[in-house]
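These notes are about the structure you will find just below.
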Amino acid sequence: MSGGVLLVSAPAKINLYLRVLGRRPDGFHELVTVLQALGLSDDLELALRARDPAVAPGAPDVRLVLEAAPPGVPAGAGNLAARAGAAVLARAGAAGDVGLDVRLWKRIPAGGGLAGGSSDAAAVLRGANRLLGDPLDEAALRGLAADLGSDVAFFLVGGSALCTGRGEVVEPLEPPAGCEVTLVMPPFGTSTAAVYAAWAGHAVRAPPPDLPRLRAALADADAAALQALFVNDLQAAARTVEPRLAALQDRTRLNLSGSGSTLFGYGPRTPDLQGTCESASICWTAFRPENAGKPGSRHA
């Protein structure tokens, strides 16, 4: 059993670009999306320990402690971070040998489409594997990530990435130029299932995007170029599902990330957003996205 404590960060994400190409035979949707990790992040502390004798023999022994968690964050074995830890222990053949402690400081709000839970899971996958001496290669980690959720694989890479398939096929991209990003998460959420159902009922099927052109356009793009490139095929559906979101978006002229309900715009918070920020559950400005969200860890 390796010693020490590992400290890791788990960044939030936004969708700079999102096309929904159709429903797949497996029930998921075929996507082309560009994800960008941000400076807003959760922090995690990981440590191996002796197994708790009260845990069933052979079962993964993972203890999760939530610190200052916002409403809506699941505790215990249902949390994606705990599930990720259990998956690594089991896949590495260490479930019967050691236990894993995970302490999680939540700063990313739940339920707004910022993928904090998926990011936490990726941080635990990589961190627990490192504590065990890296028995799992990248292919194995990607397989575990895909089993946990479509966004988890992106956070094994971080930074800027083009994601296809159901989101689990990740291609790192040359990042856009530095800019600030203002996030506004309103005091209500949107149902992902309802948004996709509304999209299916009203979608106009466009041809797939030109991926080489998209890659080239994103490299070193400034804020104005990113805004010009912005596409979100779910935006109209989300506005139909949640009229309050439509009203807020009309007032602020911000972009919808994913299926919502988080809105974002390029640049710092402006005076006309002051009232909105005071009533929202988050109004935070991320810094220089090309420097944010790269996977990283440090021993304490």
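Summary of values
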read-out	value
Cysteines in the chain lacking a second Cys C-beta under 4.7 Å	163, 179
Nonlocal amide H pairs with residue 167, under 5 Å, H built at 1.01 Å	31
Calculated from backbone phi, Karplus (6.51, -1.76, 1.60) coupling profile of the range 248-264 in Hz, x at Gly/Pro	5, 5, 4, 6, 9, 6, 9, 8, 8, 9, x, 8, x, 9, 5, 10, 9
Dipole moment magnitude, nearest 20 debye, the chain about Cα centre, only Lys, Arg, Asp, Glu C-beta charged	320
Contour excess over end-to-end distance, with Cα ends at residue 147 and residue 272 and 0.36 nm allotted per residue	40.7 nm
Per residue Cα convex hull volume in Å³ - calculated over the range 107-195	134
Approximate spin-label separation residue 5-residue 77, in nm, with each point projected 7 Å along Cα-to-Cβ	2.7
Antiparallel bridge percentage (DSSP; both residues within the chain; nearest 5)	85
Global geometry of the chain, whether rounded, prolate or oblate, following the gyration tensor of its Cα atoms and the 1.5 cut on a/c	prolate
Per-peptide average of other Cβ atoms within 10 Å, ordering 57-69, 11-23, 165-177 highest first	11-23, 165-177, 57-69
Segments 226-233, 34-41 sorted - mean Cβ within 10 Å per residue, highest first	34-41, 226-233
Amide H contacts under 5 Å for residue 220, placed H, 5+ residues apart	177
Ellipticity estimate at 222 nm from DSSP helix runs (n ≥ 4, -39,500 (n - 2.57)) divided over the chain, nearest 500	-9000 deg cm²/dmol
Karplus 3J(HN,Hα) series, Hz, for the range 97-110 with 6.51 cos²θ - 1.76 cosθ + 1.60 (x for Gly, Pro)	10, 9, x, 10, 9, 10, 10, 10, 9, 8, 10, 7, x, 8
Mean Cβ count within 10 Å, highest first, over the residues of peptides 118-127, 93-102	118-127, 93-102
For the range 116-128, Karplus couplings with θ = phi - 60° (6.51, -1.76, 1.60), whole Hz, Gly/Pro x	x, x, 5, 5, 4, 4, 5, 4, 6, 4, 6, x, 5
Equivalent ellipsoid, the range 181-289 (semi-axes from 5 times Cα gyration tensor eigenvalues, Å)	23, 22, 10
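Every read-out reported here was derived from the displayed coordinates using simple, explicitly stated rules and does not represent laboratory data. Source: prediction; values computed, not measured. Don't worry about glycine lacking a Cβ; one is built from the backbone with ideal geometry, like all the others, and counts go over all protein chains shown.
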